[in-house]
Amino acid sequence: MPHVLAITGSPSAHSRTAVVADHVLRRLAHSGFGTAHLAVRELPAADLLAARRGEPEIRRALEAVAEADGLVIATPVYKASYTGLLKAFLDLLPQDGLTSKTILPLATGGSLAHVLTIDYALRPVLAALGARHVTAGRFVLDSSVERGAGPDRLRPEAELDLFQAVDEFADALRTAPAAALTTAP
């Protein structure tokens, strides 16, 4: 079964974006996928910003991307775009660093005014890095992430919409090897 890595680009320790990504990973794990979560904010900032690819934690993060079959790229929206933290990490990838990868882009934000961030800001960068297939992403309103005394959760309507995207992503991952074999010369 394919392995999926979620990469979250939120600088916040209490990130709604991470809550959404964790929901996605649980759904995928329940379907038999191997999963892991990389919070870019946990990488050493000086190494990340100086593009020190050889430093152990940065190297391990880049290896995790290279080894994954699929990636969930999740970011909060700041100033009508994905975070600079996520950009700094994506800049460390080789020019073809997402070749053969299936990607599920996700964004969270406080207003529907930012819903096009996925298509106009994030998707072009993923394509420039050679992503094989970028599935239909989802934008999740911050107000759809409920926090309280119990575990964080998504409002039911947001969860249903998100899980539709996750299921499409899972289907794309399952068919990726067959598609690659049929298109090889």
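Annotation: extensible slack from A127 through H14 equals 37.7 nm (criterion: 0.36 nm per residue apart, minus Cα-Cα distance). The simple spin-label model puts a point 7 Å past each Cα toward its Cβ; for D142 and L112 those points are separated by 1.8 nm.
Its relative contact order, with pairs defined as Cα atoms under 8 Å and 6+ residues apart, puts region 1-96 at 41 percent. All Cα-Cα separations within region 1-154 were binned at 10 Å from zero, giving a P(r) of 11, 43, 37, 9, 0, each value a whole percent of the pairs. Secondary structure note: in the chain, about 15% of the DSSP beta bridges are antiparallel.
Across region 98-165, Cα-Cα pairs farther apart than 18 Å form 44% of the total. Look at the alpha carbon pairs under 8 Å that are at least 6 residues apart: their mean separation over the length of the chain gives a relative contact order of 22 percent. With a Cα-only, solvent-free Debye model of region 29-107, what are the log10 I(q)/I(0) values at q = 0.13 Å⁻¹? Normalising to I(0) and taking log10 leaves -0.42. Positive end of the dipole of region 66-185 (Cβ unit charges, origin at the Cα centre): among F169, P124, A107, the Cα lying farthest that way belongs to P124.
Just so you know, all these numbers are worked out from the coordinates, no wet-lab data involved. Small disclaimer: the values here were computed from a predicted structure and weren't measured. Note: ideal-geometry Cβ built from the backbone for every residue, glycine included; neighbour counts use all protein chains shown.
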